[in-house]
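Following: one structure in structure tokens, then a few remarks.
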Amino acid sequence: MAWLQLVRWKNLLIIFLAQLLAWACVIRPQVYSYLPDSVYHLSAVNFLLLALSTMLIAAAGYIINDYFDVKIDLINKPERVVLGKTIARKNAILAHGILSILAIAIAGYVAAKAHHLEWLGIQVACVALLWLYSTRFKRQYVAGNLVVALLTSLTIVTLIVYEPAMHHPILPVWVLGTYAYFAFMLTWMREIVKDMEDHRGDEADGCVTMPIKKGLRFAMVFTIVLALLVIIPLSVAPVLLYKYNYKLLAVYIAVMLAVPLIVWVVAFGRGRDTRHYHNASSWLKMIMLAGICSLIIYYFQMLTNRV
């Protein structure tokens, strides 16, 4: 159980769900519909291998992050610390290496089958960025937040890269591009909120995060500005989708994404303590999960419109 806690198994399931829905609800149906005679690379087996590689990289990232954050975590959330207590730190660093190598090997197999080993650069870059994040970027102003947001969006971009059929100009790749954009923005927001929640421990460890360098008030205003950059397109999208007969998806986006995010902004601006920031982070995670599930609505709406 300690190992499951260390690798954040719930987050790993969310990562898998995000990739699964992107593949099953967008990539496969679009390729089959628009390019029925194409050669598909992301078969069920290849997709599952690629998704496994992604989860292993994420798990290794959580391990190495906790490895270098023991001091911070003992201040911010001592009850959650398992390294040095239940799990030896030397075992953790060994597990990080094994998971990273295994993840790259699995992705390398999938890339080699398509004769595009250069695709493997994504996985190598992700492993390197997670190490640099844990050892350096996390303690720097803005850089750490952007790295995590970039890595989150790459879970979707990876699928586009590993499916050559998606590169065809007639396919609506914008669906996944939009998906990646919202993943990037919401993750960036959540990382700032988490820094606000953990600012005491981060400051004690010498970190220079936004709440520490600019203050909690500045971090709050900056996060709200990012939220507006998400709310505006989420408010326009239902109108356009309704016009093009994606009515169910339009209602879902308005009710499950736009409205909750507006409410979140209002509530977030009123808080001042650690508990409030923790709740704000949790609610953002729920909104992100709702965004992931929107692909299910998109899929069935697409099928309905074709009938």
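Listed values, structure above:
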item: Lys113 accessible area, 1.4 Å probe, all protein chains in place, Å² to nearest 10; result: 100
item: Residues of the range 80-209: accessible area per residue with a 1.4 Å probe, Å²; result: 44
item: Computed E for Val221/Ala143 - FRET, C-beta separation, R0 25 angstrom, nearest 0.05; result: 0.80
item: Chain lengthening between His167 and Tyr242 when straightened (0.36 nm per residue, less Cα-Cα); result: 24.3 nm
item: Estimated dipole of the range 155-218 in Debye, rounded to 20 [Cβ of Lys and Arg +1, of Asp and Glu -1, Cα centre]; result: 240
item: FRET efficiency, Arg270 to His115 (Cβ-Cβ, R0 41 Å, nearest 0.05); result: 0.15
item: Angstrom value of the Kirkwood radius, inverse mean 1/r, which spans all Cα pairs in the chain; result: 20.5
item: Helix-derived mean residue ellipticity, 222 nm - over the chain, DSSP H n ≥ 4, -39500 (n - 2.57), to 500; result: -24500 deg cm²/dmol
item: Share of pairwise Cα separations in the range 120-160, more than 12 Å, in percent; result: 56
item: Area of Tyr181 that stays accessible when all protein chains are in place (1.4 Å probe, Å², to 10); result: 90
item: Relative contact order %, the chain, counting alpha carbon pairs below 8 Å whose residues are six or more apart; result: 20
item: 13 Å beta-carbon shell around Leu42, net charge (K/R +1, D/E -1); result: +1
item: Net dipole in debye of the chain [+1 Lys, Arg Cβ; -1 Asp, Glu Cβ; about Cα centre; nearest 20]; result: 520
item: 3J(HN,Hα) from dihedral phi, the range 135-140, Karplus parametrisation 6.51/-1.76/1.60, rounded to Hz, x for glycine, proline; result: 9, 9, 4, 4, 8, 9
item: Percentage relative contact order, the range 54-202, counting C-alpha pairs under 8 Å, at least six apart; result: 27
item: Positive-end residue, the range 171-307 charge dipole about Cα centroid, Cβ charges, pick of Leu295, Gly271, Phe218; result: Leu295
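The values are calculated or read from the model by the stated rules, or taken from the named source; none is laboratory data. Because the structure is predicted, anything quoted here is derived from the model rather than measured. Backbone-built Cβ (ideal geometry, glycine too); neighbour counts: all protein chains shown. We work out accessible area using only protein heavy atoms, side chains counted, and drop any ligands, DNA or RNA first. Shrake-Rupley method; radii C 1.70, N 1.55, O 1.52, S 1.80 Å.
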